[in-house]
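The values are calculated or read from the model by the stated rules, or taken from the named source; none is laboratory data. Source: prediction; values computed, not measured. No Cβ is skipped: glycine too gets one built from the backbone with ideal geometry, and neighbour counts run over all protein chains shown.
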2 protein chains.
Amino acid sequence: MRLAELSSRSGLPTATIKYYLRSGLVPPGETEGSTWARYDDTHLRRLRLVRALTEVAGLSLDEVRVVVAALDAAGSEHDARGAAQWPLSAPGPDEPTPEALDQVHALIARHGWNIEPDSPHRRVLAAALDTVGELGMPATDEILDAYAEAVDIVAAVDVPSVMAETDPIVAAEKLVVGTLLYEPVLTTLRRMAHEAVSAEPS
Amino acid sequence: MRLAELSSRSGLPTATIKYYLRSGLVPPGETEGSTWARYDDTHLRRLRLVRALTEVAGLSLDEVRVVVAALDAAGSEHDARGAAQWPLSAPGPDEPTPEALDQVHALIARHGWNIEPDSPHRRVLAAALDTVGELGMPATDEILDAYAEAVDIVAAVDVPSVMAETDPIVAAEKLVVGTLLYEPVLTTLRRMAHEAVSAEPS
């Protein structure tokens, strides 16, 4: 398809698409003659992904660039999972306390989770625990164990749909969509469950 | 305490605190003489909350204003829960499809959740379902049922700690902290569980 059709099918203005092409967020089309290029479903899918990452997941274009670079690398290396997932969890500027890190390591050990020692998730989680602690709502082991039990149920339905995908590029895209764009589904359902539990007679 | 101590204990510059005071995000101190005011732990707690909402939860100051107004209203009306929680889930600009709304209503009915007919969570969730569907990863009822089971476990540990709080202002603050600032705990744990499940021999 030509640029105009790519624009109408992705819902993005041609100027925006040209900007994404220039900045490498979307791979170039196949040149046809000197003035136009041909695009296919790969380009359309990538544009929809970039749009969802910025508009729904609220990522900056710099963050999208990291995710997209990981996707492209995963596609060639046939190793979609770790490569595409870790960049989504960049640790914040604050160094977590050793106490919070110890609590995270103990949680992982208690649940027998196979998590790389240098996985960024350890530090991101520890920093989140420091924050809730500073605000007077410390995460007890009881709370963390309940959360861990809950995410085991979630991961059991999340992961197979990605693992079943044989095309590594599509698999990596599904991983990003599944990770980032199912987060609002999970957090909104949690708020619903709060409303439901609060309404129960005590 | 005076402004300088409020600044050192909250980690916020005095200029920022003055701005928050002017814009009503933080209640005024008790005037002592003509040139200074006295602040107490209420002010310190509110500043820590505003800081966490902007820096950790990523809310804009306008969004913080909505949350804080709901907190203040809840404190006087002794009805912390709904008032403080609903403003956290403002529906986005996109109208969800009737199909997605039907799927949400059916999920709520299936799980016997007591959710108000005009709760914003219904529309927010339906819009999230539309997004993942458009990106080729539709939420099946099987996925939603697993997510619902998971958030029931989470809500069972979240809600009692808030319900046990008798001071309505503190209860409303805890609800906001618990809702917004435990979200990164939950989403990071989900990513960890993905890493753990992906590493299991299939």
query: Restricting the stretch A:151-167 to residues that are in a helix (DSSP H, G or I) and modelled with pLDDT under 90, which is surrounded by the most Cβ atoms within 10 Å (Cβ to Cβ)?
result: A:ASP158
message: Pairs needed: first member in the stretch A:122-147, more than 7 Å from chain B (Cβ to nearest Cβ) and touching a residue at least 12 places away in the same chain (Cβ under 8 Å); second member anywhere, in a loop (DSSP other than H, G, I, E, B) and of a type in the set (Asp, Glu); C-beta distance under 6 Å; at least 6 residues apart or different chains.
response: A:ALA127/A:ASP94
- line: Pairing a residue in the stretch B:102-120 that is without any contact (Cβ under 8 Å) to a residue 40 or more places away in the chain with any residue that is of a type outside the set (S, T, N, Q) and in a loop (DSSP other than H, G, I, E, B), where Cβ atoms lie under 9 Å and the two sit 6 or more apart in sequence or on different chains, gives B:VAL104/B:PRO96; B:ILE108/B:ILE115; B:ASN114/A:GLU200; B:PRO120/B:ALA90; B:PRO120/B:PRO91
Test set (1) free of Cβ contacts under 8 Å to residues at least 60 places away in the same chain; (2) assigned to a helix (DSSP H, G or I); (3) under 19 Å from the mean Cα position of the chain (by Cα) - B:ALA196 fails condition number: (3)
- prompt: If A:SER7 satisfies every condition in (1) under 26 Å from A:LEU180 (Cβ atoms); (2) touching a strand residue (DSSP E or B) at 6+ places or on another chain (Cβ under 9 Å); (3) among the small types (Gly, Ala, Ser) but one, which is the exception?
  reply: (2)
query: What number goes with the only condition from (1) over 14 Å from A:GLU195 (Cβ atoms); (2) more than 7 Å from chain A (Cβ to nearest Cβ); (3) not in a helix (DSSP H, G or I) that B:VAL170 does not pass?
result: (3)
- line: A careful count of residues in the stretch A:13-29 that are over 22 Å from A:ALA70 (Cβ atoms) and not polar (S, T, N, Q) gives 4
- prompt: Condition test on B:PRO184, is it at the interface with chain A (Cβ under 7 Å from one of its Cβ atoms) and at pLDDT below 90?
  reply: yes
